[in-house]
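First comes the structure, then the notes that go with it.
The values are calculated or read from the model by the stated rules, or taken from the named source; none is laboratory data. Remember, it's a predicted structure, so these values are computed and weren't measured experimentally. Cβ placement follows ideal geometry from the backbone for every residue including glycine, while neighbour counts extend to all protein chains displayed.
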Amino acid sequence: MAPTQPTETTHDLPWWKTAVVYQVYPRSFADADGDGVGDLPGILSKVDHIADLGVDCVWMSPFYESPMRDNGYDVSDHCAIDPVFGTLEDFDALVEALHERGIRLIVDFVPNHVSSDHPWFVEAVSDPDSERRDWFIWADPAPGGGPPFNWTASFTEESAWELDEASGQYYLHLFLPEQPDLNWSNPAVEAAQHDVLRFWLDRGVDGFRIDVINAIGKDPEPRDVPERMEGIAHVVLTHHETAMPLIRRIRALVDPPEVERLVVGEVVTGDLEQQASYCGDGDGVSCTVNFVSIGTKWDRDQWHLLIAGMEDAYADHDATWPSYVLSNHDNPRQRTRYGGSEARARSAAVLLLTVRGTPSLYQGEELGLEDAVIPAGTEVDPGGRDGCRAPIPWTIEAPHGWGEDTWLPFPPDAGARSVEAQRADSTSVLALYKQLLAARKASPALQQGSLELLARTDDVLAYRRIHGDDERIVAVNFGDAPADVTDLAGTVVVASNGLGAGRPFSGRLGPDEAVVLQP
Ligand code: NOJ
């Protein structure tokens with residue numbers, strides 16, 4: 001494959017461009033009250049684990065009051081903490097503890113829909129003449145009866161339109177029927193959601209991860225979609241031009257010139273150019289959740305294509321900023337997706353933490369966890385995503401720092417992969433992540449340098465990062481056989497197997513091994 005042209009980064013950067021984000025899923029991180037469900041005091045008790053790791057920013061998934069039909073992405077009160085997680089005082093204590101350790105906090109903001117238990121929706125249904133009616137999206141039945149359009153919802157693959165029997169009208173829900181979509185073309189909805197953002201900014205958050213942000217601007221003329229689009233209709237129909245003005249106003253509110261805050265947009269798309277376009281002229285989202293990186297297989301050519309595509313799509317360094325993610329609460333963990341091998345999981349960590357852009361780690365990725373096996377009949381999530389949401393094992397002994405009855409089973413080999421076990425082992429996956437995060441922090445090239453893919457004919461993906469006179473070379477062997485890479489020379493900064501740091505590179509990579517070199 002041909003090398004890409006190097007791109008230079010020259011300006012001073014806001015904190016989030018050199019940051020590594022760490023996602024905390026409150027239900028599964030740590031359990032302070034022993035009820036088997038994670039909570040905010042649990043997170044507070046583990047902030048030193050987060051600080052020791054060396055990440056810069058925590059993204060916390062929803063902890064708001066919710067009936068939990070979509071595990072908190074169905075919010076019934078945006079400004080209250082669900083009692084299962086704790087109180088506002090617990091939240092304030094967590095913000096303080098993170099800030100004391102120099103770690104920022106961004107929280108999930110779910111603008112597209114609310115819970116059907118939210119007072120806004122309850123009022124809209126119970127009184128069709130109320131002002132709240134138009135806060136949601138209503139349509140009359142199709143001419144022959146039934147749902148107005150042929151769109152299907154996520155999770156159920158059934159109609160995205162639910163009948164409100166009392167009025168005879170249908171309301172739109174791109175996700176569960178219990179998650180009615182808000183009508184962002186009504187300025188009162190935008191104003192109310194801006195108030196929610198202000199509420200959390202006033203409590204000290206450093207930004208937001210914004211759920212399905214591409215869905216808030218909807219085509220004002222809904223219509224049926226061709227048969228072949230069913231099931232993904234909402235994805236196709238929601239990338240509408242009305243979204244960007246709404247997003248720009250969110251960015252201006254959250255990240256005004258006098259402070260630096262982060263706005264991560266969850267943009268549901270497999271198209272890198274479309275993803276990057278949500279950064280606008282530097283006035284849209286700061287960066288996006290990268291749906292392409294999370295879907296890329298363990299394959300040299302696919303990774304080459306991804307990185308080359310990202311460098312093209314994000315070539316405008318002033319307006320756009322790349323981001324990469326391999327695991328989150330919606331997808332199988334990277335180790336599980338890549339076949340379960342620890343060597344691969346380690347090399348994937350090298351990739352994630354050395355490509356150009358802001359990486360996002362998912363809790364437990366630093367332990368090399370795999371997805372839990374969920375016994376049939378005990379599933380919790382309507383979207384089949386329980387496996388990656390399993391509790392984090394803190395101690396070697398069961399129940400691994402949790403109450404006896406955890407809400408989901410632990411991932412495989414929980415004791416051996418627990419934080420306690422790995423902390424004591426200088427060659428553990430946890431130790432590797434710490435080395436990588438420290439190496440990244442120590443290198444302007446890795447944090448913000450240009451990226452040049454190096455031309456090769458073997459199974460090795462290699463790239464050079466440069467900033468000023470700082471330079472690093474990264475090489476990852478995707479093959480099943482050892483690879484000779486004697487053309488790449490330098491001192492080993494970090495090797496995926498945890499060995500050899502500070503020594504000259506041997507010029508050989510084992511199967512699924514990776515190395516960061518200082519030439
Ligand atoms: C994306 C979130 O990450 C996912 O967990 C949720 O189910 C949907 N958006 C709907 O809010």
In the set Glu311, Glu260, the lone residue that is more than 16 Å from the ligand (Cβ to nearest atom), among the acidic types (Asp, Glu) and touching a helix residue (DSSP H, G or I) at 6+ places or on another chain (Cβ under 6 Å) is Glu260
Within region 263-294, the count of residues that are in a loop (DSSP other than H, G, I, E, B), hydroxyl-bearing (Ser, Thr, Tyr) and within 16 Å of the ligand (Cβ to nearest atom) comes to 2
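If a residue has to be assigned to a loop (DSSP other than H, G, I, E, B) and of a type in the set (S, T, N, Q) to count, how many in region 445-460 make the cut?
Adding up the residues that qualify gives 1.
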When region 263-297 is checked residue by residue, the ones that are touching a helix residue (DSSP H, G or I) at 6+ places or on another chain (Cβ under 7 Å) and of a type in the set (A, V, I, L, M) are Val263, Val267, Val268, Leu272, Ala276, Val285, Val292
Of the candidates Ser115, Ser130, the one satisfying the condition of being among the small types (Gly, Ala, Ser) and closer than 26 Å to Glu266 by Cα is Ser115
Filter region 462-502 for residues that are assigned to a loop (DSSP other than H, G, I, E, B) and in contact with a Ser or Thr (Cβ under 7 Å, 6 or more places away or on another chain); the one that is surrounded by the fewest Cβ atoms within 10 Å (Cβ to Cβ) is Gly502
Check: Hey, does region 156-164 have a residue that's exposed (fewer than 14 other Cβ atoms within 10 Å of the Cβ) and within 25 Å of Ser61 (Cβ to Cβ)?
Finding: yes
Of Ala421, Ala398, the only residue that is of a type outside the set (D, E, K, R) and outside any loop (DSSP other than H, G, I, E, B) is Ala421
Checking the structure you have, find out if any residue of region 445-458 is of a type in the set (D, E, K, R) and at pLDDT below 95.
yes
Taking first residues from region 174-190 that are away from the ligand (no atom under 13 Å from the Cβ) and second residues anywhere that are basic (Lys, Arg), the pairs with Cβ under 9 Å that are 6 or more apart or on different chains are Asn183/Lys218; Trp184/Lys218; Ser185/Lys218; Ala188/Arg132; Glu190/Arg249
inquiry  = For region 362-382, check the following and say yes or no: at least one residue is under 20 Å from Asn290 (Cα atoms), surrounded by fewer than 24 Cβ atoms within 10 Å (Cβ to Cβ) and either assigned by TED's automatic domain parsing to the domain that holds Pro511 or touching a residue at least 60 places away in the same chain (Cβ under 8 Å) (or both).
reply    = no
Picking from Asp283, Asp301, the residue that is closer than 30 Å to Asp202 by Cα and either surrounded by fewer than 20 Cβ atoms within 10 Å (Cβ to Cβ) or aromatic (Phe, Trp, Tyr) (or both) would be Asp283
Within region 245-271, residues being of a type in the set (A, V, I, L, M, F, W, C) and more than 18 Å from Asp318 (Cβ to Cβ) number 8
All conditions in (1) within 16 Å of the ligand (Cβ to nearest atom); (2) buried (at least 24 other Cβ atoms within 10 Å of the Cβ) are true of Gln334 except (1)
Of the residues in region 107-151 that are within 15 Å of the ligand (Cβ to nearest atom) and among the hydroxyl-bearing types (Ser, Thr, Tyr), the one that is surrounded by the most Cβ atoms within 10 Å (Cβ to Cβ) is Ser115
